[in-house]
Amino acid sequence: MSVRRAAVAGSWYPASAAALTAAVETHLYAADQDSPRQPPPGADLVALIAPHAGLIYSGPVAAHAYRSLRNRRHDVAVLIGPSHHVGFEGVSVWRRGAFETPLGPLTIDHDTASRLIEACPLVHELPSAHGREHSLEMQLPFLAALTPDLPIVPLVMGQQTRETALTLGDCLAQVLEGRRALLVASSDLSHFFDASTAAFLDRQVIAHVEALDEEGLMTRLEERRDHACGGGPIVSVMRAAKALGATTSRVLRYANSGDVSGDTSSVVGYLAAAMWR
């Protein structure tokens, strides 16, 4: 197998299975106590948005998204995150093998990854884009804890252009039609503003997410009026989710790093959201 080794275990989240399990369970328990907002029990969960900072900071918000997976079944999880370290055009897929986690490997859905490459010329294999990338890796602790047998398709987006974001969404809808698929967009929101400014900026993203308005969000990203580092992945996921029948999108939790650190002078915004049909 081609195994993508964990790059930030031991720094961004615990490297031991016991410590990581305890951390994930603590965040999930706190989310259960904090808010009743969840997709209705009978709804088909199509997509999630979750942050990707260090687990101590973004975990409390990500848990609000991932607790939605309880008592639901999916065939495959397609993860889309931005590239922080490698600049390239298009989207890089890890096509075969597994992603390593302290809780055990998550297997790649080779057939779905291959079909996506065939259907979408902008999707290709570029292993270096995955090597140090944390945007997808930070989703794995929750998936490994809650759905360890769910195969994944990991996608890293390079330049977040309109053509890339919208075309990827269309291709995902085509490839996943008829499947019980889960789409996950990995994104933090505004970076390094004071908390009140961050909340103002992030409300604009939230409005587009709750309206399932990927075109409006893409326009704001192009005009540099929004500061979501994974705005392109969010656009792709909303585009695909709508084509796959999603009619409702709700923000489950919003917070910022200052809620953990206590420093509200320079924060990163975090969003958990779900889309269902």
### Query
Label Asp44 and Ala119 with points 7 Å out from Cα along Cα→Cβ: what is the distance between them in nm?
1.4 nm
### Task
Per DSSP H run of at least 4 residues, take -39500 (n - 2.57); add these up for the chain, divide by its residues and hand me the 222 nm value, nearest 500 deg cm²/dmol.
-12000 deg cm²/dmol
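With +1 on the Cβ of every Lys and Arg and -1 on the Cβ of every Asp and Glu, and nothing else charged, how large is the dipole of the range 177-264 about its Cα centre, in debye rounded to the nearest 20?
Working: 10 positive and 13 negative charges, 81 e Å.
Dipole of the range 177-264, to the nearest 20 debye: 380 debye.
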### Query
When ligands, DNA and RNA are left out and all protein chains stay put, how many square angstrom of accessible area per residue does the range 1-68 have with a 1.4 Å probe?
44 Å²
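Please list the helices of the chain that count as membrane-span-like by this rule: a mean Kyte-Doolittle hydropathy of at least 0.0 together with Cα atoms stretching 20 Å or more along the helix axis, each helix being a complete DSSP H run. Intermediate results must be reported in sequence, preceding the final value.
Details: long enough: 17-34 (25 Å, 0.25); 162-176 (21 Å, 0.58); 195-210 (21 Å, 0.44).
Qualifying helices, which must be both long enough and hydrophobic enough, are 17-34, 162-176, 195-210.
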## Note on the structure
The answer for Val78, listing residues at least 5 apart or on another chain whose modeled amide H is closer than 5 Å to its amide H, is Val153, Leu182, Leu183, Val184
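Nearest-5 percent of antiparallel DSSP beta bridges in the chain?
Working: 19 of 40 bridges.
Percentage antiparallel, nearest 5: 50.
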### Message
Over 5 Å intervals from 0, what percent of Cα-Cα pairs in the range 122-277 sits in each interval?
### Response
2, 9, 17, 21, 22, 17, 9, 4, 1, 0
### Task
For the chain, with a Gaussian network of springs between Cα atoms less than 10 Å apart, report the residue from Leu126, Leu212, Leu182 with the top mean-square fluctuation.
Leu126
### Query
For Leu122, what charge total do you get from the other residues with a beta carbon under 10 Å from its beta carbon, if Lys and Arg give +1 and Asp and Glu give -1?
-2
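For the range 210-271, what does the alpha-carbon gyration tensor say about shape, rounded, prolate or oblate, given a ≥ b ≥ c as the root eigenvalues, a/c under 1.5 as rounded, and a/b over b/c as prolate? Could you put the intermediate results ahead of the total?
Working: a/c = 3.21, a/b = 1.70, b/c = 1.89.
Oblate, because a/c is 1.5 or more while a/b does not exceed b/c.
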#### Entry: the range 22-180: projected area of the alpha-carbon convex hull, averaged over directions, in nm²
9.3 nm²
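Report, in debye and to the nearest 20, how large the dipole of the range 43-138 comes out about its Cα centre when Lys and Arg carry +1 and Asp and Glu carry -1 on their Cβ.
Details: 8 positive and 10 negative charges, 71 e Å.
Here the range 43-138 has a charge dipole of around 340 debye.
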#### Entry: Shape metrics for the range 15-71, restricted to C-alpha atoms - Rg then Dmax, Å
11.9, 36
### Task
Could you work out the Kirkwood radius for the range 102-175, taking every pair of different alpha carbons, averaging 1/r and inverting it, reported in Å?
13.6 Å
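Note down the magnitude of the dipole of the chain about its Cα centre, charges +1 on Lys and Arg C-beta and -1 on Asp and Glu C-beta and zero elsewhere, to the nearest 20 debye.
440 debye
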### Summary
Checking every Cys Cβ in the chain against the others at 4.7 Å leaves as unpaired Cys229
### Task
Set Lys and Arg Cβ to +1 and Asp and Glu Cβ to -1, take the dipole of the chain about its Cα centre, and tell me which of Leu122, Leu28, Val184 lies farthest positive.
Leu28
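So for the chain, what are the equivalent ellipsoid semi-axes in whole Å, largest first, each being the square root of 5 times an eigenvalue of the Cα gyration tensor?
Numbers: eigenvalues 114, 97, 72 Å².
Result for the chain: semi-axes of 24, 22, 19 Å.
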### Message
Under 10 Å, Cα contacts only: if you run a Gaussian network model on the chain, which one of Glu125, Glu214, Glu223 comes out with the highest mean-square fluctuation?
### Response
Glu223
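Pull out the extension gain between Val3 and Thr21, defined as 0.36 nm times the separation in residues minus the alpha carbon to alpha carbon distance; nm, one decimal. Display every interim value, and only then the final one.
Values: separation 18, 0.36 × 18 = 6.48 nm, distance 2.16 nm.
Value of the extension gain: 4.3 nm.
The values are calculated or read from the model by the stated rules, or taken from the named source; none is laboratory data. These numbers come from a predicted model, not from an experiment. Cβ sites come from the backbone with ideal geometry, for glycine too, and all protein chains shown count toward neighbours. What goes into the accessible areas is simple: the full protein's heavy atoms, side chains included, and nothing from ligands, DNA or RNA. Shrake-Rupley method; radii C 1.70, N 1.55, O 1.52, S 1.80 Å.
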